[in-house]
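Data first, discussion second: the structure below is written as structure tokens.
The values are calculated or read from the model by the stated rules, or taken from the named source; none is laboratory data. Fair warning: this is a prediction, and the values are worked out from it, not measured in the lab. Quick reminder, even Gly has a Cβ in these numbers, built from the backbone with ideal geometry, and neighbours come from all protein chains shown. Quick note on the areas: whole protein, heavy atoms, side chains included, nothing else; ligands and nucleic acids left out. Shrake-Rupley method; radii C 1.70, N 1.55, O 1.52, S 1.80 Å.
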2 protein chains.
Amino acid sequence: MNRKATAQSVVLSALREDIVSGVLGPGDQLVQETLAERYGVSRVPLREALKMLESEGQVINHPNRGYFVAELSVDDLREVYYLRSLLEDAALRQAIPTLDDADIEDIAALCDEIDDAALAEDVVLMAAANRRFHFAIYDAAGMPRLSRLLRQLWDATDAFRALYYQRSPNRERVSAEHAQMMVALRARDSDAVVQLHDDHRAHSVAAVEDMLMRHHNRVTENDSTFRTPARSSLQENP
Amino acid sequence: MNRKATAQSVVLSALREDIVSGVLGPGDQLVQETLAERYGVSRVPLREALKMLESEGQVINHPNRGYFVAELSVDDLREVYYLRSLLEDAALRQAIPTLDDADIEDIAALCDEIDDAALAEDVVLMAAANRRFHFAIYDAAGMPRLSRLLRQLWDATDAFRALYYQRSPNRERVSAEHAQMMVALRARDSDAVVQLHDDHRAHSVAAVEDMLMRHHNRVTENDSTFRTPARSSLQENP
DNA sequence: TTCGTAATTATTGGATACAATCCTGCGGTG
DNA sequence: CACCGCAGGATTGTATCCAATAATTACGAA
């Protein structure tokens with residue numbers, strides 16, 4: 001008997017879902033009344049969910065003006081991937097020696113799930129499976145805070161990952177690279193896994209960067225009417 | 001003319017302050033009504049501030065039971081410092097080559113502030129100055145997300161840093177180590193700075209670990225009456 | 001027109017009121 | 001005496017209402 005989840009957490013999941021799936025695109029304003037109605041709750045739990053997304057950097061709040069889905073600059077993107085490389089390498093090297101055969105097979109199963117989703121061309125499912133696959137390895141490092149930081153970094157680019165998976169060449173490359181990683185993983189060859197993983201990430205960042213450009217062009221060409229007031233006042237301390 | 005800050009942000013700062021200064025100790029329950037009254041606001045903005053602290057890991061929420069100041073296990077502590085070592089080394093190596101003479105003198109000034117606070121035996125001020133000093137360097141790396149992650153990691157142990165500075169030998173060692181770092185920094189010797197910084201951190205983790213033990217003893221000896229319900233049900237997914 | 005300025009409206013921020021949940025302690029029962 | 005079950009009170013979660021702020025429009029003078 002599952003005890004009832006709070007509205008905040010339901011809304012939080014829903015918001016995350018809508019951001020990764022692109023329903024809420026980067027730069028969009030999040031009007032509280034509208035969203036509250038859509039999710040069938042009042043504004044209070046919605047705002048609490050937004051606060052969590054804000055402190056994760058998924059969403060930006062301009063006091064008295066509202067919440068906006070965070071935009072990613074190219075610099076931001078590169079920074080995120082750089083930080084990921086630092087932390088993911090550490091996670092892999094910590095995790096791999098601890099994996100037993102059963103663990104590896106579990107991971108392999110997750111890998112298959114990705115391929116299935118890729119074949120079915122279900123982008124959202126593929127993104128989710130991909131995440132489970134990678135985090136199954138990271139989490140095995142047994143460092144919960146590390147996992148948490150990595151989740152934040154992944155979240156930051158989720159909005160674009162959905163677009164990324166929409167192109168079939170990307171999907172195919174991802175599957176191939178995962179297969180290679182599984183080979184190295186079965187051999188417990190940490191160096192090889194880290195190397196492949198770095199390459200995998202490098203391909204990813206290149207593709208997402210491309211997506212980012214397209215997005216920026218899109219928003220500046222079409223509706224130049226009304227946009228998020230450029231990320232300027234990030235700090236304002238005494 | 002500063003435009004009026006929102007209640008949430010005021011409360012957020014106040015909560016942070018009360019956590020670092022030890023007014024709210026690890027494991028304490030945060031009763032909403034009580035805190036709201038103390039800060040002179042209603043529960044709504046208070047809860048929003050708590051949500052932010054929650055997603056930073058400063059505070060833990062048990063649905064329908066309340067918010068508690070996060071406890072740190074020794075494993076947590078070690079993990080935090082390990083992650084700091086990864087990220088801070090990267091920040092330093094990125095930052096140091098970019099610093100010009102004026103930057104260095106600014107940092108030196110911050111270093112002096114710490115010493116002043118140490119002499120005055122003002123623990124809270126010292127902790128604050130120490131933070132400014134270190135983050136002046138990290139921030140110079142020009143990677144806002146990196147700075148943000150580091151802030152989170154520092155926050156996680158803030159509750160104990162206050163205790164740490166209360167012992168005068170700790171204060172003196174900190175000052176001495178900072179002086180050494182400044183010498184290496186003036187010489188633009190990145191390797192030396194990183195090395196000294198690592199040592200500095202190692203001393204700190206040892207001392208904070210000691211504080212942590214004392215804290216755990218204190219809470220288990222004295223009031224074993226009513227404590228945070230041991231971090232157990234962290235996940236409970238369908 | 002164009003600029004500045006005042007009313008209007010939409011949206012957010014905060015406070016209060018109500019509902020749901022959980023802890024506590026009491027009394028009954030085996 | 002241990003063990004349930006069940007009020008009663010305390011605390012959290014949510015909805016509704018009101019106040020404050022900012023965007024927008026309308027208007028008038030240079």
Check: What is the Rg over Rh value, at two decimals, for the protein assembly as shown, using alpha-carbon atoms and the Kirkwood definition of Rh?
Finding: 0.96
Note to self: Rounded to the nearest 20 debye, what is the charge dipole size of the range B:1-134 about its Cα centre when +1 sits on each Lys and Arg Cβ and -1 on each Asp and Glu Cβ?
What the structure shows: 960
Check: Based on Cβ point charges of +1 for Lys and Arg and -1 for Asp and Glu, what charge dipole magnitude is obtained for chain A about its Cα centre, in debye rounded to the nearest 20?
Finding: 860
Next item on the list: Evaluate the relative contact order of the range A:2-152 (contact order divided by residue number), counting alpha-carbon pairs under 8 angstrom at least 6 apart; express in whole percent.
Entry: 20
Notebook entry, point to check: Which listed residue (B:Ala14, B:Leu87, B:Val208) has the Cα farthest towards the positive end of the charge dipole for chain B, taking +1 on Lys and Arg C-beta and -1 on Asp and Glu C-beta about the Cα centre?
Noted result: B:Ala14
Next item on the list: Note down the relative contact order for the range A:74-219 as a percent, whole number, built from C-alpha pairs under 8 angstrom at least six residues apart.
Entry: 34
Next item on the list: Whole Å is fine, so just give me how far the alpha carbon centre of the range B:53-130 lies from that of the range A:71-88.
Entry: 22
Notebook entry, point to check: Over what distance in Å are the Cα centres of the range B:151-168 and the range B:173-218 separated?
Noted result: 13
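Take every residue in peptide B:47-54, count the Cβ atoms of other chains within 10 Å of its Cβ, and give the average of those counts. Show your work: numbers first, answer last.
On the way: counts 6, 7, 1, 2, 11, 6, 2, 4.
What the average comes to for B:47-54 is 5.
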Notebook entry, point to check: Based on the alpha carbon coordinates of the range B:1-138, what radius of gyration and maximum Cα-Cα distance (Dmax) apply, in Å?
Noted result: 18.1, 54
Next item on the list: Enter the accessible area per residue of chain B (Å², integer; probe 1.4 Å; all protein chains in place).
Entry: 48
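Compute the signed sum of charges (Lys and Arg +1, Asp and Glu -1) over the other residues within less than 15 Å, Cβ to Cβ, of B:His203. Intermediate values should be presented prior to the final figure.
Working: positive: B:Arg78, B:Arg84, B:Arg161, B:Arg167, B:Arg171, B:Arg173, B:Arg201; negative: B:Glu88, B:Glu172, B:Glu177, B:Asp198, B:Asp199, B:Glu209, B:Asp210.
Spelling it out: positives minus negatives among the neighbours equals 0.
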Margin query: Given the whole protein assembly as supplied and a 1.4 Å probe, what does the accessible area of B:Val124 come to in Å², nearest 10?
Written below: 60
Item checked: For chain B, the fraction of alpha-carbon pairs in successive 5 Å shells from zero, as % -> 1, 6, 12, 16, 18, 16, 13, 9, 6, 3, 1, 0
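Could you tell me the calculated FRET efficiency between A:Leu119 and B:Arg65, based on Cβ-Cβ distance and R0 = 45 angstrom, to the nearest 0.05? Walk me through the numbers on the way to the answer.
On the way: r = 45 Å, r/R0 = 0.99.
Once rounded, the FRET efficiency stands at 0.50.
Counting pairs of alpha carbon atoms under 8 Å apart in space and at least six apart in sequence, what relative contact order in percent does the range A:1-79 give? Display every interim value, and only then the final one.
Working: 69 pairs, mean separation 26.6, N = 79.
Computed value for the range A:1-79: 34 percent relative contact order.
Taking the range A:113-199, which trypsin sites (Lys or Arg not before Pro) meet the DSSP loop condition and have no more than 14 other C-beta atoms within 10 Å?
Values: sites: A:Arg131, A:Arg132, A:Arg145, A:Arg148, A:Arg151, A:Arg161, A:Arg167, A:Arg171, A:Arg173, A:Arg186, A:Arg188; in loops: A:Arg167, A:Arg188.
Hits after loop and neighbour filter: A:Arg167, A:Arg188.
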Notebook entry, point to check: Placing +1 at every Lys and Arg Cβ and -1 at every Asp and Glu Cβ, with all other atoms neutral, what dipole size does the range A:7-71 have around its Cα centre, in debye to the nearest 20?
Noted result: 160
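Counting other Cβ atoms within 10 Å, which GluC sites (Glu not before Pro) in the range B:115-220 have at most 15 and lie in a DSSP loop? Before the final figure, lay out the partial values.
Numbers: sites: B:Glu121, B:Glu172, B:Glu177, B:Glu209; in loops: B:Glu121.
Of the GluC sites (Glu not before Pro), the ones in loops of the range B:115-220 whose Cβ has at most 15 other Cβ atoms within 10 Å are B:Glu121.
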Next item on the list: Hydropathy first: keep DSSP H helices in chain B averaging at least -0.5 on Kyte-Doolittle, then drop any whose Cα extent along the axis falls short of 15 Å, and list what survives.
Entry: B:7-20, B:43-56, B:74-95, B:101-119, B:123-139
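Please give the calculated 222 nm ellipticity per residue for the protein assembly as shown, where each DSSP H segment of at least 4 residues contributes -39500 (n - 2.57) and the sum is spread over every residue; nearest 500 deg cm²/dmol? Don't skip to the answer; put the middle values down first.
On the way: 19 runs with 332 residues, N = 476.
Calculated from helices alone, the mean residue ellipticity at 222 nm is -23500 deg cm²/dmol.
Work out the FRET efficiency for A:Ala108 and A:Leu86 from their Cβ-Cβ distance, taking R0 = 30 Å, and round it to the nearest 0.05.
On the way: r = 27 Å, r/R0 = 0.89.
That gives a FRET efficiency of 0.65.
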Next item on the list: For the range B:8-71, state what percent of all Cα-Cα pairs lands in each successive 5 Å bin, counting from 0 Å until the bin that includes the largest distance.
Entry: 4, 19, 34, 31, 11, 0
Notebook entry, point to check: Are there trypsin sites (Lys or Arg not before Pro) in the range B:1-57 that DSSP marks as loop and that have at most 15 other Cβ atoms within 10 Å, and which are they?
Noted result: B:Arg3, B:Lys4
Note to self: Taking a point 7 Å out from Cα toward Cβ as the label site, list the nm distances between A:Asp116 and the same residue in every other copy, smallest first.
What the structure shows: 6.5
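Tell me: how much accessible area in total is hidden between A and B, 1.4 Å probe, Å², nearest 100?
Details: alone 13100 and 13050 Å², together 23010 Å².
Roughly 3100 Å².
Hey, any idea what % of chain A's accessible area is carbon plus sulfur with a 1.4 Å probe?
Details: 5950 of 11520 Å².
Solvent-exposed carbon and sulfur of chain A make up 52 percent of the total.
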Next item on the list: Excluding residues fewer than 8 places away in the same chain, name every one of the lysines whose C-alpha is closer than 19 Å to that of A:Lys51.
Entry: B:Lys51
